[in-house]
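Everything below concerns the one structure shown next.
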Amino acid sequence: LWLPFCMAERCLANWWRFTDSPKDHALIRMVCSSLATNLWKLYELLKHFGKEVHDSGETHCSRANAIKKIIEEKDIYGFRSKYAAHAIDNDTKLPLSLAAGEQRIRSIFGETIGEMNAFCSWVCPEIGERKEESVTRFIVDFRDYCRANSGAHSDRP
């Protein structure tokens with residue numbers, strides 16, 4: 001789950017290198033859509049395994065809740081459900097507005113280079129930088145906790 005986060009962060013962290021070309025905007029939309037989809041997958045997992053997260057202790061529980069709160073506040077589900085996963089607006093039955101989709105991307109990821117870098121750093125910090133509040137740090141720490149405490153070394157069903 002953490003690999004798409006890191007790959008998206010590396011691409012988005014350098015987004016200022018892109019021009020205003022439609023191709024570059026399409027690439028940014030694709031990366032942001034992938035990142036939003038994977039953040040929502042994490043949200044679903046945290047909800048589904050809420051008891052296990054809660055039982056793992058206050059540190060994991062509070063970090064998971066903080067991540068879920070940001071995902072909720074940014075309405076990543078709304079973006080994923082309308083723009084990242086569909087081409088037709090369910091309400092109007094018309095193709096989705098490209099401008100509206102890009103505005104939603106900016107509302108989640110940021111309007112400026114600094115805002116986008118801050119979001120990407122929250123998801124996956126630069127190599128060698130350890131941020132306890134980052135999404136990938138939580139994923140790795142919780143994975144390690146599960147492996148150490150539940151014998152979770154086997155393959156998934």
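The values are calculated or read from the model by the stated rules, or taken from the named source; none is laboratory data. Given the structure is predicted, the values throughout are model-derived calculations rather than measurements. Methodologically, a virtual Cβ is constructed for each residue, glycine included, from the backbone with ideal geometry; neighbour enumeration extends over all protein chains shown. Surface areas here come from the heavy atoms of the whole protein model, side chains and all, with no ligands, DNA or RNA. Shrake-Rupley method; radii C 1.70, N 1.55, O 1.52, S 1.80 Å.
Scanning the range 98-106 finds no residues that are closer than 30 Å to Y145 by Cβ, surrounded by 15 or more Cβ atoms within 10 Å (Cβ to Cβ) and modelled with pLDDT under 90.
There is no residue in the range 57-67 that is over 25 Å from R137 (Cα atoms) and of a type in the set (K, R). Taking the conditions exactly as written (open to solvent by 70 Å² or more (accessible area, probe 1.4 Å) and either part of a loop (DSSP other than H, G, I, E, B) or in contact (Cβ under 8 Å) with a residue 24 or more places away in the chain (or both)), does N90 satisfy them or not? So N90 fits the description; yes.
Whenever a residue of the range 62-84 is at pLDDT 95 or above and open to solvent by less than 50 Å² (accessible area, probe 1.4 Å), its partners that are basic (K, R) and in a helix (DSSP H, G or I), lying with C-beta atoms within less than 8 angstrom and at least six residues away or across chains, give the pairs K68/K47.
E72: out of contact with any helix residue (DSSP H, G or I) (no Cβ under 7 Å at 6 or more places or on another chain) and in a helix (DSSP H, G or I), yes or no? Yes; evaluated as a whole, the condition is true for this residue.
Does the range 116-129 include one or more residues that are under 18 Å from K41 (Cβ atoms) and aliphatic (A, V, I, L, M)? Checking the range 116-129: at least one residue is under 18 Å from K41 (Cβ atoms) and aliphatic (A, V, I, L, M). If the condition is being at pLDDT below 90 and assigned to a helix (DSSP H, G or I), then the range 120-143 contributes C120, S121, R143. Considering (1) open to solvent by 40 Å² or more (accessible area, probe 1.4 Å); (2) under 16 Å from V135 (Cβ atoms); (3) modelled with pLDDT under 90, the lone condition that W16 does not fulfil carries the number (2). Of everything in the range 30-61 that is of a type in the set (G, A, S) and surrounded by 13 or more Cβ atoms within 10 Å (Cβ to Cβ), the residue that is farthest from A100 (Cα to Cα) is S56. Exactly one residue out of V140, V123 is among the hydrophobic types (A, V, I, L, M, F, W, C) and farther than 22 Å from Y77 by Cα, and it is V140.
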